[in-house]
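All remarks here apply to the structure that follows.
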Amino acid sequence: MSRTKFNNLQVAKTSGQYEPFDEEKLRRSLRRSGAKDALINEVLQELMGQLHDGMSTQAIYKQAYKLLKRLHRPTAGRYTLKHAMFDFGATGFPFEDFFAEILRSQGYQVMTRQLLPGACIQHEVDVVAENDQTLIWVECKYHPLAGSVSNVKIPLYVHSRFRDLEKNRSLYTTAHHTKSVEGWIATNSRFSDDAMSYGRCAALHLVSWNYPVGGSLREMIDESGLYPVTCLTTLSWHEKKRLLEHSIVLGKWLSKPGNWSEILHLSDRRVRAVMQEAQSLCSSMQEQ
């Protein structure tokens, strides 16, 4: 396939709309996963012969992932991160636990699923994070389907809950120091334009896969090095599901021996394989 034909390909987005295939966009996604230029070029060279006009971006991702899995598993694990964020199951609790670990890595003391009294009623807050200066209430909105959007109704509703809690502000401050209080909404997908506009106007801190620039969910994960167990390529979907049912959400927890291997009833050989991938996945991006 010539480079010109490669660049003129029309691909189908998740929304059903078509757009020109962007080779550089694919290169950037591979580079973010830790792939070096030699590996990127090898993947693209093999992928070029498999692309066709009208191919979905999802199908392109699957082919690139398949190639990475064969060529370099740790890179494949990081490359699948966006899709792995939709594999936390139906309840949303694992996503809450995962986001709590991200904040804990930033130095916050964190609790999940807390029932707090507001001025009018009690509210269950998904994640409560606190340091010496700031108290954060986080509402987590987990979507199991790619392409889902958190619309403006969500920040409207959450904002009213946080205002009710803030009326009891004195209950959530220490005796010697009044902390700033922040309301956050975190989602594994994205927010609508109206939702982001309302968030900015209402001083809510919204976090989605690619928003805000410099503090998106993807960037928070990359900076912390905390990848979910759903990224691991050496585990089956059922094995990942079983770990999540036991509140095991971080890949790094599988980088050393623990009760996780007993939960999964793995052979010694597979335990070693999982540990090796977990160590590589969560370490600094290595030379290919």
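The values are calculated or read from the model by the stated rules, or taken from the named source; none is laboratory data. Predicted model, so just to flag it, every value in this text is computed and none were measured. Positions of Cβ are generated from backbone atoms using ideal geometry, with glycine treated the same way; all protein chains shown enter the neighbour counts.
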Identify all residues within the stretch 152-165 that are surrounded by 21 or more Cβ atoms within 10 Å (Cβ to Cβ) and farther than 16 Å from residue 207 by Cα; write none if there are none.
162, 165
Within the stretch 34-67, can you find the residues that are under 19 Å from residue 146 (Cβ atoms) and in a helix (DSSP H, G or I)?
57, 58, 59, 60, 61, 62, 63, 64, 65, 66
Write out, first by first residue and then by second, each pair whose Cβ atoms fall under 7 Å of each other, whose residues are 6+ apart or on separate chains, and whose first residue, in the stretch 94-106, is more than 17 Å from residue 240 (Cα to Cα) and hydroxyl-bearing (Ser, Thr, Tyr) while the second is assigned to a helix (DSSP H, G or I) and modelled with pLDDT under 95.
105/224
I need the full set of residues from the stretch 114-129 which are more than 21 Å from residue 199 (Cα to Cα), touching a strand residue (DSSP E or B) at 6+ places or on another chain (Cβ under 6 Å) and not polar (S, T, N, Q), in order please.
115, 116
Could you grab me the full set of residues in the stretch 41-67 that are within 20 Å of the chain's Cα centre (by Cα) and among the basic types (Lys, Arg)?
62
Given the criterion assigned to a helix (DSSP H, G or I), under 25 Å from the mean Cα position of the chain (by Cα), loosely packed, with under 14 Cβ neighbours inside 10 Å and without any contact (Cβ under 8 Å) to a residue 60 or more places away in the chain, identify the matching residue among 31, 70.
70
Working carefully through the options 59, 90, 64, find the one that is within 20 Å of residue 280 (Cβ to Cβ) and either loosely packed, with under 14 Cβ neighbours inside 10 Å or at pLDDT 85 or above (or both).
64
Checking residue 90 against (1) within 30 Å of residue 236 (Cβ to Cβ); (2) touching a Ser or Thr at 6+ places or on another chain (Cβ under 7 Å), only one condition comes out false. Which one?
(2)
Are any residues in the stretch 153-212 among the β-branched types (Val, Ile, Thr) and either part of a loop (DSSP other than H, G, I, E, B) or modelled with pLDDT of 95 or more (or both), and if so, which ones?
154, 158, 173, 174, 178, 185, 187, 207
Which pairs have Cβ atoms under 8 Å, sit 6 or more apart or on different chains, and link a residue in the stretch 144-159 that is touching a residue at least 60 places away in the same chain (Cβ under 8 Å) to one that is part of a loop (DSSP other than H, G, I, E, B) and of a type in the set (A, V, I, L, M, F, W, C)?
146/86
One residue is enough: does the stretch 235-248 have a residue meeting the conditions surrounded by 20 or more Cβ atoms within 10 Å (Cβ to Cβ) and not in a helix (DSSP H, G or I)?
yes
Of all residues in the stretch 249-281 being among the polar types (S, T, N, Q) and assigned to a loop (DSSP other than H, G, I, E, B), which is nearest to the chain's Cα centre (by Cα)?
255
Look at the stretch 194-214 and say how many of its residues are within 20 Å of the chain's Cα centre (by Cα) and closer than 20 Å to residue 146 by Cα.
9
Could you list, ordered by first residue, the pairs with Cβ atoms under 9 Å in which the first is in the stretch 229-258 and within 19 Å of residue 101 (Cα to Cα) and the second is of a type in the set (Phe, Trp, Tyr) and part of a loop (DSSP other than H, G, I, E, B), at least 6 apart or interchain?
230/86; 230/88; 244/88; 249/88; 250/227; 251/227; 252/227
Can you name every residue in the stretch 96-151 that is in contact with a helix residue (DSSP H, G or I) (Cβ under 6 Å, 6 or more places away or on another chain), buried (at least 20 other Cβ atoms within 10 Å of the Cβ) and either outside the structural domain of residue 184 (by TED's automatic domain parsing) or part of a helix (DSSP H, G or I) (or both)?
102
